[in-house]
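Down below is the structure, laid out as structure tokens.
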Amino acid sequence: MVNRTLNTCTDEELMEAIALNDAGAFAELYDRYSVRLLNYLYKWLQDKEKANDFLQDLFVKVIDHATSFDTTKKCSTWIYALATNMCRNEFRNSQNRNRILQSSFKQEQALSSELNLDKLDYSHFRSRLQEVLNELNEELRSLFLLRFQEELSIKEIAEIIAVPEGTVKSRLFYLLKKMAHHLAEFNPAV
């Protein structure tokens, strides 16, 4: 890595450098992932401040566990697995779950009241989609966010949630079928 600039290094090479306390490598990795991870965390938590706190905690974990990172594995998968586990732990607290759901509902109501008439259908869809997502268990919500927000591959998702690729495909099939049923009012073919 001596002759390469940090922005041309792979994520895995950056992790090797971070394990050796290279602050520049950490800054590069942070720049690559911070915005996407913040959006991912926000979708889970529905709270900007908490998402920012989680992002900082997540990158502290990256530093703390850099020496144990297996560089034969994909770094992005590992980071998203850390983020997903942090969010799952947060959701195990039912008080937070209720607060997040109430906050999401209030935000959607506020958003709907600010939109003009031609955007009401989209707003209504987003609101209904969020309601359906909130009704999903942690596993299905995670699956939806990883696949459709983060646009990760089936293989990457399988590594993150530690199940075979076939299981991910099966769960996605039934998840989409379930969501299509709950969002049928938006299907023009029905």
T67 - would you say it is out of contact with any strand residue (DSSP E or B) (no Cβ under 9 Å at 6 or more places or on another chain), assigned to a loop (DSSP other than H, G, I, E, B) and at pLDDT below 95? no
Given (1) out of contact with any Ser or Thr (no Cβ under 8 Å at 6 or more places or on another chain); (2) surrounded by fewer than 19 Cβ atoms within 10 Å (Cβ to Cβ); (3) more than 26 Å from I154 (Cβ to Cβ), identify the lone condition not met by A19. (1)
With in contact with a Ser or Thr (Cβ under 6 Å, 6 or more places away or on another chain), among the charged types (D, E, K, R) and touching a residue at least 12 places away in the same chain (Cβ under 8 Å) as the only criterion, which of E12, E28 stands out? E12
Confirm whether F105 is within 26 Å of N134 (Cβ to Cβ), surrounded by 15 or more Cβ atoms within 10 Å (Cβ to Cβ) and at pLDDT below 90. yes
Do we find that R128 is among the basic types (K, R), surrounded by 13 or more Cβ atoms within 10 Å (Cβ to Cβ), within 25 Å of L183 (Cα to Cα) and at pLDDT 65 or above in this structure? yes
With the requirement that a residue be buried (at least 17 other Cβ atoms within 10 Å of the Cβ) and more than 25 Å from R88 (Cβ to Cβ), what does segment 27-57 give you? E28
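The values are calculated or read from the model by the stated rules, or taken from the named source; none is laboratory data. Keep in mind it's a predicted model, so treat the numbers as computed, not measured. As a convention, Cβ positions derive from the backbone with ideal geometry for all residues, glycine included, and neighbour counts pool all protein chains shown.
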